[in-house]
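Following: one structure in structure tokens, then a few remarks.
The values are calculated or read from the model by the stated rules, or taken from the named source; none is laboratory data. Computed from a predicted model, the values in this text were never measured in an experiment. Every residue, glycine as well, gets a Cβ built from its backbone with ideal geometry; the counts of neighbours run over all protein chains shown. What goes into the accessible areas is simple: the full protein's heavy atoms, side chains included, and nothing from ligands, DNA or RNA. Shrake-Rupley method; radii C 1.70, N 1.55, O 1.52, S 1.80 Å.
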Amino acid sequence: MSNYLVHFAKGKGKVATKVRTAMKTKRATDPGYWTMMSVLSTGRLKPGGAFGIGRKQAPNPEQQRVVCFSEIPPGEWLRLSERRQSAYGIGFSKQFISKRGGGPIWYARNGSAQNKALKKLMKMGAGDPHHPVWQITPMIDAPGVYGWNSYEYEWEREWRHIGDLTFEPRDVAFLFIPEELHAQARAFFSNAYHENLGPAYFCPFIDAKWPRERVEEELLKEPLKFPPAPPSYDEHYEMVDLGNGKRISKRITRLRRISES
């Protein structure tokens, strides 16, 4: 269905996140932005919690913590973006995740013969964190009906990686960023590269709202052979009133956006 696996940073409701910088306090309307910035700056995706059929039974819940990805095809990514309440995310090739030990999860439906067999194995491994069953339970889900509730998420076509996933900028296939911020993001990473401020990502930028055709067009573009030229700045001075009749001239420096052309 897709050659890529995607992970969206989870939003945290409507409350804006504040981040103090040397220049000013910025507000994010999408909390997933700051989560993704942390991921990109550290080159690490951390597990969100314990997952899988043994998440409650495992003697050591840390063994069940995973990073989740989705294999749903381009053009359907908006559905996942809306579910995570975030427009920011990251995409990798399936080959990269496979080489790191990740893979598609298995489904053993609640009440099935396979599900019952797994429950017997988990019972055998109860109290023994080294039992082999706990190495596979993070990769198995049990969809089905549970009382008045149902657990049905096969549409996500989920892949998982047990434990932290570390990566380099060259490992990233693309980033999810709203289209209106693409030029600004290019300038940000160009500045980071030339000023040696941190990792710089020059992979394709994708808007989760784009249809499949637009996504494929972007992914087929030739990769950058060299990093963009250093961004330029606009400077001007403004008079600031300090009160008590005192005024000072303050220099304002703004980073110019890099053209997408």
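Restricting the range 1-36 to residues that are small (Gly, Ala, Ser) and at pLDDT below 90, which is most open to solvent (accessible area, probe 1.4 Å)? Residue satisfying both the conditions and the ranking: 22.
Restricting the range 37-80 to residues that are hydrophobic (A, V, I, L, M, F, W, C) and part of a helix (DSSP H, G or I) leaves a set whose member that is most open to solvent (accessible area, probe 1.4 Å) is 78.
In this structure, is residue 193 in contact with a Pro (Cβ under 7 Å, 6 or more places away or on another chain) and not in a helix (DSSP H, G or I)? Criteria not met by residue 193. For the range 239-249, the criterion of being within 22 Å of residue 186 (Cβ to Cβ) and at pLDDT 75 or above is met by no residue.
Yes or no, residue by residue, for (1) under 24 Å from residue 219 (Cα atoms); (2) touching a residue at least 12 places away in the same chain (Cβ under 8 Å); (3) in contact with a Gly (Cβ under 7 Å, 6 or more places away or on another chain); (4) loosely packed, with under 15 Cβ neighbours inside 10 Å:
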residue: 141; (1), (2), (3), (4): no, yes, yes, no
residue: 145; (1), (2), (3), (4): no, yes, no, yes
residue: 148; (1), (2), (3), (4): no, no, no, yes
residue: 153; (1), (2), (3), (4): no, yes, no, yes
residue: 158; (1), (2), (3), (4): yes, yes, no, no
residue: 161; (1), (2), (3), (4): no, yes, yes, no
residue: 168; (1), (2), (3), (4): yes, yes, yes, yes
residue: 174; (1), (2), (3), (4): yes, yes, yes, no
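Figure legend. Inter-residue proximity from the range 29-47: first residues closer than 18 Å to residue 92 by Cβ and in contact (Cβ under 8 Å) with a residue 40 or more places away in the chain, second residues open to solvent by 30 Å² or more (accessible area, probe 1.4 Å) and acidic (Asp, Glu), beta-carbon distance below 9 Å, spacing 6+ or different chains. Indicated pairs: 43/168; 43/171; 44/164; 45/164; 46/164; 47/62; 47/164.
Of all residues in the range 106-123, which are of a type in the set (S, T, N, Q) and farther than 13 Å from residue 136 by Cβ?
Applying the first criterion (of a type in the set (S, T, N, Q)) to the range 106-123 yields 110, 112, 114-115.
Scanning the range 106-123 gives 110, 112, 115.
Show the residue pairs meeting these rules: Cβ distance below 8 Å; 6+ apart or different chains; first residue within the range 124-135 and of a type in the set (Asp, Glu); second residue surrounded by 13 or more Cβ atoms within 10 Å (Cβ to Cβ). From residues that are of a type in the set (Asp, Glu), the pairs are 128/59.
Within the range 126-139, the residues that satisfy the criterion of being more than 23 Å from residue 95 (Cβ to Cβ) and out of contact with any helix residue (DSSP H, G or I) (no Cβ under 6 Å at 6 or more places or on another chain) are 126, 127, 128, 129, 130, 131, 132, 137.
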